[in-house]
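Before any comments, here is the structure.
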Amino acid sequence: MTALSVDIRVRYRDFALDVAHDFKPDGITALFGPSGCGKSTFLRVVAGFERGAAGHVAFGDEVWMGARAFLPPHRRAVGYVFQDARLFPHLTVRGNLDYADRRAGPGRARYSLDDVVGGLDLAPLLDRRPVHLSGGERQRVAIGRTLLARPRLLLMDEPLAALDTRRKSGIMPYIARLPQAFGLPVIYVTHALEEVTQLCDRIVALSAGRIVAAGGVAETLERLDLGDIQGRFEAGVMLEGRIIATDPDWHLSQVDLGGAILEVPQILREIGAQVRLRVRARDVSLARTRPEGLSIRNMLDARVLALHPEAGSAFAEVLLDIGGQHLRARITRAAAQQLGLAQGQAVVALIKSVAFDRQALPRPLPPKPAP
């Protein structure tokens, strides 16, 4: 795979984008930030749709934009998936896919139409028209049509924004395996943290047109200085673990985080499966000792790593170690003082199992159709 290198500037009357970054040539990179921070403008520059940009864009040794160079969009071999599917309504799913397949030409055929149909489980949809598809099905077809143009880089601009939680959960496993299945890197624009934690290998965070953080998902989300980027209500961390038990009667699963055990609503995966879970800081409470007689089922031994009181507000953010992974807690400054919280102190982190009900828990891919 080939790396994307950018150093670009865009100036509008009331907005400026100034981004320099080298994107790794594999996996899925989240371009994350609040609405209006420049995420979609960045994608348009990379794709060649923004002629007013200045700077440099290169894909490997190939310069797409520079001092005396500007490669038009159709020569950049970039795939672009929009929020809306933009399928041809007068064509069936098969017709939409065939159109992209024919336009790609034989020289760029790294995989076949059948590979795309199988990889996205589109066989049952081939004879239907877009009007008869659900939102999630239309977006799967749109991804398939984009793949059949045989891009070298895939840009996805909030492709799940128009879908409800159930349909998002159904399509995310397909997106997660795109780099491995089709051999291309993905830059994924979103402002939804559950999509970042379930899909992405790394994150580039934007604020007001500039990069404010870049790195792995877990270490970036745990930074206490990025609360404004995540949003105080949604700020939290990503935990990685392995399913060690499932109770079908109570519909609960146990996840081993590397020594600490977390109980969550049942995850429909096999025992031993690796999963990611997002825990919001506001869903974590702290105690000096392990309490009794509570409905809260998750009580994790933790150690305070950092305490960040927010001046001029009621709140404080606490970063905790839970045996190698990190957790955030958002509590009041008064509570932090009454608990006597200090760096290195042992505490108990309390998390309700139902806190995960509002989040997209990992789900398996549907079974592939028989060959």
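The values are calculated or read from the model by the stated rules, or taken from the named source; none is laboratory data. Computed from a prediction, not measured in an experiment: that's the story for all the values here. So basically every Cβ, Gly included, is an ideal-geometry build from the backbone, and we count neighbours across all protein chains shown. For the accessible areas, the whole protein counts, side chains as well, though only heavy atoms, and no ligand, DNA or RNA atoms are used. Shrake-Rupley method; radii C 1.70, N 1.55, O 1.52, S 1.80 Å.
Worth a mention:
- Loop trypsin sites (Lys or Arg not before Pro), the range 1-48, which have at most 10 other Cβ atoms in a 10 Å radius of their Cβ (DSSP): Arg13
- Counting only aspartates and glutamates at least 8 places from Lys168 when in the same chain, those with an alpha carbon closer than 12 Å to its own are Glu137, Glu158, Glu194, Glu195.
- Inter-centroid distance (Cα atoms) of the range 65-138 relative to the range 159-235, Å: 23
- Helix-only CD estimate at 222 nm, as mean residue ellipticity for the chain, using -39500 (n - 2.57) per DSSP H run (n ≥ 4): -6000 deg cm²/dmol
- Rounded to 5, percent antiparallel among DSSP beta bridges of the range 117-222: 60
- Global geometry of the range 147-260, whether rounded, prolate or oblate, following the gyration tensor of its Cα atoms and the 1.5 cut on a/c: oblate
- For the range 267-345: rounded, prolate or oblate by the Cα gyration tensor [a/c cutoff 1.5]: prolate
- Count Lys and Arg as plus one, Asp and Glu as minus one, and take only other residues whose Cβ is under 14 Å from that of Val10; the net charge is then +3.
- Protein accessible area in the range 283-357, 1.4 Å probe - carbon and sulfur %: 50
- Taking the protein heavy atoms of the range 1-134 in the context of the full set of protein chains, the accessible area attributed to carbon and sulfur is 50 percent at 1.4 Å.
- Sparse-neighbourhood loop sites, GluC sites (Glu not before Pro) in the range 201-292 - DSSP loop, at most 16 other Cβ within 10 angstrom: Glu234, Glu270, Glu292
- Whole-percent carbon and sulfur share, accessible surface of the range 162-270, 1.4 Å: 49
- When you count the other C-beta atoms within 10 angstrom of each residue and take the mean per peptide, 273-280, 342-349, 153-160 line up highest first as 153-160, 273-280, 342-349.
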